[in-house]
1. Take the Cα atoms of the range A:5-88, build their convex hull, and give its volume per residue in Å³.
2. With axes computed from alpha carbons, what is the tilt in degrees of helix B:369-378 against the longest principal axis of chain B, rounded to the nearest 10 within 0 to 90?
3. Rg and Dmax of the protein assembly as shown, using alpha carbons, in Å: what are they?
4. Per-residue mean of other chain beta-carbon atoms within 10 angstrom of the beta-carbon, peptide B:207-217?
5. Quickly work out the A:TRP144-to-B:SER521 label distance, labels modelled 7 Å from Cα along the C-beta direction, and quote it in nm with one decimal.
6. Rounded to the nearest 5, what % of DSSP beta bridges with both residues in the protein assembly as shown are antiparallel?
7. Can you compute the label reach from B:VAL366? Point 7 Å from Cα along the Cβ direction, backbone N cut-off under 16 Å, restricted to the range B:315-335.
8. Taking only Cα atoms, what is the 0 to 90° angle, nearest 10, from helix B:3-24's long axis to the longest principal axis of chain B?
Amino acid sequence: MLTFVIRRLLLAIPTLLLISLVIFLLVDLAPGSPMSEIPRTVPPEVRERMMQAMGANEPVVVRYLLWLRQFFLVEPAYVIDSLMGTNLAGGAQRVLSWQSRMPVFDIIAQRLPQTLTVIGSAYLVGVLIALPIGIYSAYRQYSWFDQLGTFVTMVGSSVPTFFTGVLLIIVFSVNLGWFPSIYDTTLEVTDWASFKMQIMQMALPVTMLALHNATEISRYMRSSMLENLGQDYVRTARAKGMSERVVVLKHVLRNSLIPVVTVIALGIPTIFGGAIIAEQVFKVNGLGTALIGAINASDLPTVQTLTFIFAVLIVFFNLVADILYGILDPRIRYD
Amino acid sequence: MNFRTALLGTTAAATAFIGLAPAAHAQRAADGNVKILYFQAVSVMNPYMSSGTKDVHGSSLVIEPLAGFDEKGGLVPRLVTEIPSVENGGISKDLTTITWKLTPGLKWSDGTPVTADDAVFTYEYCTNADMGCSQAARFQGIKTVEATDPQTIKITFTTPKPNPFSAFVGAASPVLQRAQFKDCVGAAAQTCTEQNTKPVGTGPFTVTDFKVNDVVQLAANANYRDPAKPAFATVTLKGGGDARASARAVMETGEFDYAWNTQINPEFQAQLAAGGKGELISAFSNNVERIELNLTDPSPDLPEGERSQIKNPHPILSDVRVRRALSMAMDRQLLVDVGYGAAGKPTCNVIPAPEIYASPNTNCHVQDIEGAKALLEEAGWTDSNGDGIRDKDGKKLSLLFQTSVNAVRQDFQALVKGWWTQIGVETELKAIEPSVFFGGDPGTPDTYQRFYAEAQLDTLDYDGTDPEAYLGQYVCANVPGPGNGWRGTNINRLCDPAYEKLLADLSKTADLNERAKIIISMNDLLTKDGYVSIPLVDRARLSAKSKTLGGVVLNAWDSELWNASDWYRIK
């Protein structure tokens, strides 16, 4: 197993380098300019000098190599400096956003908390809803519960989140006035009152995303359960006189979870990527809005850094899913 | 004084007293928190780093220019005792210097005194070649900025400057503190994150927390020059979402007190007004939605590099009668009703304001389809084969009409296409992603500068109230082309010696009324005489404010938050 992990990690390096190059070229080739948000009253010479100051005028090779250096050498140096109090970085320029001239990693640090809280808890809630629904739907296949579950999941996965989000706002914020429609990122949870506020402002975005996440996972759970319920070992277990509870929750569930765990693990990187639409609709202003805002403003360093981090996370969680697979299923061994 | 004047005087005094009443009892930081929503979030609190509107407005709460504009476009002193003029000796007779006198006793938010040296530093900061200052154009034509004494700033221009109110005037050109920014000169400016997000200022508020592109938290400036202001203790300036959602947050849910730029369609405007929690406010300045016509041939049959260039005049649009007919076919009031409602009014001018510069030109307000048809007939464009499209010498009267992706603009495109089809002009529509259209990337054929179309719908406004620089765009030397990397502001490709003569006159004229006369003739050359541009709608700033927020005066000539120090809570 260890050699497998090491081999995969080594293989990840050229993969990620290639990904970073492809992203860089894609973003660079995309039409648009960081100057597009600047008022047209700003004369061309001034624009030219602004581009120069940002380093946006350099040839693409130079900018890519500079980014690689900043990302892999300068940024870790700053991290070590802040931890150990050393001075490895020596004031070298970090990856700076073209929109705000702020280090991209500072922006990520500012935005990660709200993304993890909102999108992360939505994912967790989604999984917690999806598993029981999937299990029971499969166990009572074609019952009214299963039919209802199928209906709800179909609606949930086919109605887009930008619609459900606005619908939730109109019903629960505008008409009923129960929950806020705008997420307050400055709220600090210090006591029960602020904790209640936090729950209130998370209610709508989490509901919307949890429903969306739950639909997909519950479908996987259901079909995987159905597949296992018809297997010989289930009949054997029942013939041995085991209770239905033990048969379903111990034998069938454990075996059915194998593909579902993979699906869940592969979904984790999307938490970090944020949910662009949910964040936009409820103004959560997490990593998703940072990414879409940077794309709109042609803020190449931000887009490049964010997407590359997502790529790293995806590669990493693919590996985690593979390892989990091996742990859960003794038949699978990598050595 | 006769009886009538006396009576009017009393009424005015009484009105003024009522108007001022809440302010008279005001006390600094007594009204708690005010929540402002900008759907484009603030990225940086320094307009020299970014000229994005949201950044200029956000920073105007903290840092201030020497003088600003009021809601009528007039100059108001901010850090100075009075507005310099030739009469009061602040502007030299030969128009080459302007002298500003700082208000005595003025303090930065850190308690140190504001001196003329800070303005000198700001000039050096922005004109440094390695800095990439986004407001560099405001300091063009300046020879020196000196502090003749700690209270006096003297600006000397290289040539006589009829309009010297560009540097240090308006929210985009504030004074920075030398002590704070001294290490941020040149290339280092880019990395001064702390300074760029938490500037020390003279404005009513100071930044307490800055989350980039998300939210800025501010608190009342303890050293603000008026001890009774601002009424609010803290400001939350949140970003994100879109115009619709931000209008809703003020007018329906009441979560926010003020929302910027709530450009929503008239139907939704009415729906939100029924929400009862807020109201839409609007103010007009010089923002005109117009159709620009291309005087050169953008035909794809031409070799690359020769499309939309002066040497190839447009085969159809070179005839002013055709351009005029295209304008006559417009029903401008309908466009306003469909797209803008309270936030627009029909206009026939590219310079609609201030009043003194506006041409008395209203001949376009009535649609004249028959007149347009007759004019096209006269120009030789007839429908010879009965297919509904006019033609001449075997060439069809067919135009490509492009604009950026934007719901209102696509509605306009559809309406205009309908009218042009009625007068026998075939119209093909194209909509381009705004970041590409306005991005100015010389490698992209779809930018507004390339103008590979006959007509394009867009808007253009200018800083301040003086349109000289703006009118200066339409000169031959400014035609975008491969020679200048497709940079250049004369997108209509107008080359008119008469127009350039007027521009030269304007640059030598200081008298306001004389200037107005020249500006009006130049406006007319672009519109009712030359039909280079087809003005459609004078667009207002449209914002939303809560009914509990008092003191708001929407200003379209300066930052929308220009008088945030006067805002208060209506109890």
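We did not get these values from a lab; they are worked out from the coordinates using the rules stated. From a predicted model like this one, the values you see are computed outputs, not experimental measurements. Note that each Cβ is placed from the backbone with ideal geometry, even for glycine, and that neighbours are counted across all protein chains shown.
1. 152
2. 50
3. My reading of the Cα-based Rg and Dmax gives 31.3, 114 Å.
4. Working: counts 0, 1, 1, 3, 7, 14, 15, 14, 6, 1, 1.
Counting Cβ atoms of other protein chains within 10 Å of each residue's Cβ and averaging gives 6.
5. 8.7
6. 75
7. Answer for the range B:315-335: B:328-334.
8. 70
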